[in-house]
Number of protein chains: 4
Amino acid sequence: MGAKGEKKKELILNTSRDLFIKYGFKNVTMKDIVEKCEISRGGLYLYFQSTSEIFEEILKNEPYFTCRNLRKIVKKDSSISEILGSYLEEQKREILTLYDLKYAKYEYYMSGSNKGSENILKTRFEEEADALSDLIKEGIDRGEFVNDDSVIAAKNILYVCEGLKIASLTSVVSEETVNEQLSYMWGGLLP
Amino acid sequence: MGAKGEKKKELILNTSRDLFIKYGFKNVTMKDIVEKCEISRGGLYLYFQSTSEIFEEILKNEPYFTCRNLRKIVKKDSSISEILGSYLEEQKREILTLYDLKYAKYEYYMSGSNKGSENILKTRFEEEADALSDLIKEGIDRGEFVNDDSVIAAKNILYVCEGLKIASLTSVVSEETVNEQLSYMWGGLLP
Amino acid sequence: MGAKGEKKKELILNTSRDLFIKYGFKNVTMKDIVEKCEISRGGLYLYFQSTSEIFEEILKNEPYFTCRNLRKIVKKDSSISEILGSYLEEQKREILTLYDLKYAKYEYYMSGSNKGSENILKTRFEEEADALSDLIKEGIDRGEFVNDDSVIAAKNILYVCEGLKIASLTSVVSEETVNEQLSYMWGGLLP
Amino acid sequence: MGAKGEKKKELILNTSRDLFIKYGFKNVTMKDIVEKCEISRGGLYLYFQSTSEIFEEILKNEPYFTCRNLRKIVKKDSSISEILGSYLEEQKREILTLYDLKYAKYEYYMSGSNKGSENILKTRFEEEADALSDLIKEGIDRGEFVNDDSVIAAKNILYVCEGLKIASLTSVVSEETVNEQLSYMWGGLLP
DNA sequence: CATGAATGAGAGTTCATTCAT
DNA sequence: GATGAATGAACTCTCATTCAT
């Protein structure tokens, strides 16, 4: 596939992404994508065989924050509290963002369309739990935090965020509610 | 509708419930239901116009635990801790149960099939948060718990449970993990 | 399926038969049948899942002459020669008929569309060979024919007829040629 | 077309031939050929416009035995019986060979894909009948054979062989069956 | 009330064929 | 000459929904 093919693939992925954000996973068909991209039926099938395949590709390309890559971009002399604060800010942004892929993502993994392919949702959760646990552990070592088990505390933060994300999809979650919850968890870490 | 009609409706609801548990929401069609019920196509449409309508009805009939109705069934002289303990046990059971409607329920609200109808997921969450908050408040008043804001603490418990439920659907959650999280939250309430 | 359903099935089979005779097997699509029958797409699929299924059904219903059922309809006191003569006349008619199913039939079995279903072409050939062999044997016993092996002679007649049928499909076979061949074989049986 | 072009054409023809032998005529598409040859779509269309065109070309190039070219390769002083014997051996080999073009060849002429082009099957049959008839006639003249009409006898042999070939495609034909039939015809020629 | 045959819109998928590069 | 991305027509198949009986 030449540069032109890459561009077309890019077009398909970007356009589909918009559709998935707007309509979720199951409500988007190959036909919808063909029409929105203004390409031919056959043209789409040159690059992708199904909406699942397209969606997987989009998920792979989707940038995502972790505390690990967060540490690389914050100031060298930042305290652990500062880093965790930034991380929770990012989570908050994700929870409150109305239009992104999280809707389609949950739907995708729930409707069983991910048969036979790696479960990115699970993998990322585990990576995230590891990284966050390390961060909290360091905070404890430095005396910034007090906690008996950094792994459980890390998972607790992630489960609350998951809960908030889900709640934001199926009903409405105010910024205030998110702030309250994040503060509450924060409180559980302070001396 | 006579008694005969009621019976048919019952049949449809029970049979569909099995299908929804097994295949989720979107993967069940009116055709599937007709075939599994062994009734006529027209017969189904006499009672329900769509799978959404059937699903809504099932959700309405679905029994669910809340701390309020829990208080009615526990011993009069139970401590608040005992009641909350029972409640969390019930949540744990729900999280770890593989085959029930929670899968289809999330899918239903996520795929936007609930257009124009009351969002039961949201309503119940709010009711639950209220009841749980009252319970915790009473626990604080009685000196069993220590906490600054019973509403936030209540929501925290519910968000963690939501997060665990979601995680149990998209990947795997061990009983140990659930125990850890519930203990962790419990710890946040103790003096 | 009620009487109405049977009628519809009949309509589909008769219409498809015409199409198969005219265009062969592979050139007829489910769409063609739907259009020629003037029924709906879904309507056709209620009765048949594929052109193969329709074709098989047609073949099953197709009347066919064998010497066995020929014996039942000829006069009681006919000589074996007379019966064989009638049989060869029938074969001749089949060979020279331009528009019937034989075209589609060979195509069907040749294009491998009969995967997993009984090979009627083969079964009938064998039945036919048996019956014809019996007939010749009786002719030999009665002194009408002279031959060393009635089975081989029977097969010989059938193979020549097959050869003529094929030739009549891929090129042109004159009535004279058929007469010559039938006479030639006849000669091989006479004292 | 240069030498390079000739080579490409050769490649296309040889590769397609394999495909036709394996899958028959109708089941091979231009796409299949392009992929198996590992050439470009456009590249194929430079040389051939359709699978029919390719198939015709293959048939033209296909070597085939006739009694005429057989006479050239047998010993000068062979008896006619010996020549006919060799010829029938060759036919037998053709009938029993599972994987060659005969399958696709019948399919091709039967599915009407040879519209507007010369019918090689027919031409060759006629050539063959002529040559075989001459051979038998010579045998009669030399006193090796006894027969009233060499043309009819020749055609008889060919029709039986055709019948056997068809039977070998749609069902199964044992070597024994072929031997029996060839002997039977042979018997019809002997004094 | 109840039936189930019938409809037709729409999704998926494949390929012959073209044409700008 | 050669390429291969792109097109679009054609076909298969499924379901929600209706309606005569």
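Compute the relative contact order of the range C:3-60 as a whole-number percentage, counting only Cα pairs closer than 8 Å that sit 6 or more residues apart in sequence. Provide the component values of the computation, followed by the final result.
Details: 28 pairs, mean separation 23.6, N = 58.
Once divided by the residue count of the range C:3-60, the mean separation gives 41 percent.
Full-extension gain between B:E127 and B:D149, please, as 0.36 nm times their residue separation minus the C-alpha to C-alpha distance.
Taking B:E127 through B:D149 to full extension adds about 6.2 nm, to one decimal.
May I ask you to sort B:S50, C:S81 by Cβ crowding, counting other Cβ atoms within 10 Å and putting the fewest first?
Ordered by Cβ neighbours within 10 Å, fewest first: B:S50, C:S81.
Got a sec? How would B:D148, D:D100 order by Cβ neighbour count within 10 Å, fewest to most?
B:D148, D:D100
Counting other beta carbons within 10 Å of each Cβ, put A:E107, D:E6 in order, fewest first.
Details: A:E107 26, D:E6 11.
Neighbour counts put them in this order, fewest first: D:E6, A:E107.
Considering Cα pairs under 8 angstrom that are at least six residues apart, work out the relative contact order of the range B:126-177 and quote it in whole percent.
32 percent
May I ask you to derive the FRET efficiency for D:E175 and C:E90 from their Cβ-Cβ distance with R0 = 45 Å, giving the value to the nearest 0.05?
Values: r = 31 Å, r/R0 = 0.69.
Efficiency computed from Cβ-Cβ geometry: 0.90.
Kyte-Doolittle mean at least 0.5 and Cα extent at least 27 Å along the axis: which DSSP H helices of chain A qualify?
A:150-170
What ratio of Cα Rg to 2.2 N^0.38 Å holds for the protein assembly as shown?
My calculation over the Cα atoms of the protein assembly as shown gives 1.47.
Using the alpha-carbon centroid of each, what span in Å lies between the range D:162-190 and the range A:41-87?
71 Å
Most fluctuating residue of A:L164, A:L84, A:L70 in a GNM of chain A with Cα springs under 10 Å: which is it?
Fluctuation is largest for A:L70.
How high is the relative contact order of chain A, given as a whole-number percent (alpha carbon pairs under 8 Å, six or more residues apart)?
23 percent
Are there any trypsin sites (Lys or Arg not before Pro) in the range A:112-145 that are in a DSSP loop and have at most 12 other Cβ atoms within 10 Å? List them by number.
On the way: sites: A:K115, A:K122, A:R124, A:K137, A:R142; in loops: A:K115, A:R142.
When the trypsin sites (Lys or Arg not before Pro) of the range A:112-145 are filtered for loop state and at most 12 Cβ neighbours within 10 Å, A:K115, A:R142 remain.
Every other copy gets compared here: list the nm distances from the C:K115 label point (7 Å along Cα to Cβ) to its counterparts, shortest first, one decimal.
So the label point of C:K115 gives 1.9, 2.8, 4.0 nm to the other copies.
Counting other Cβ atoms within 10 Å, keep those with at most 10, restrict to DSSP loop, and tell me which GluC sites (Glu not before Pro) in the range A:21-60 are left.
Answer in residue order: A:E38.
What number, rounded to the nearest 500 deg cm²/dmol, is the helix-based mean residue ellipticity at 222 nm of chain D, given -39500 (n - 2.57) per DSSP H run of at least four residues and division by all its residues?
-23000 deg cm²/dmol
Mind computing the radius of gyration and Dmax over the alpha-carbon atoms of the range B:36-191? Å is fine for both.
Radius of gyration, then largest Cα-Cα span, for the range B:36-191: 18.3, 62 Å.
Which value in nm describes the separation of the simple spin-label points at D:E6 and C:D134, placed 7 Å from the Cα toward the beta carbon?
Rounded to a tenth, the inter-label distance reads 6.3 nm.
Among the aspartates and glutamates, which fall within straight-line cross-link reach of C:K26, defined as a Cα-Cα distance under 17 Å, with same-chain neighbours fewer than 8 residues apart omitted?
Within the straight-line limit of under 17 Å, C:K26 reaches these aspartates and glutamates: C:D18, C:E35, C:E53, C:E56, C:E57, C:D100, C:E107, D:E107.
Could you compute Rg(Cα) / (2.2 N^0.38 Å) for the range A:3-60, with N its residue count? All intermediate terms of the calculation are to be shown ahead of the outcome.
Values: Rg = 10.2 Å, N = 58, 2.2 N^0.38 = 10.3 Å.
That works out to 0.99 for the range A:3-60.
No value in this document is a laboratory result; all are computed from the given coordinates. Please read all numbers here as calculations on a predicted model, not as lab measurements. With ideal geometry, Cβ positions are generated from the backbone for all residues, glycine too; neighbour counts draw on all protein chains shown.
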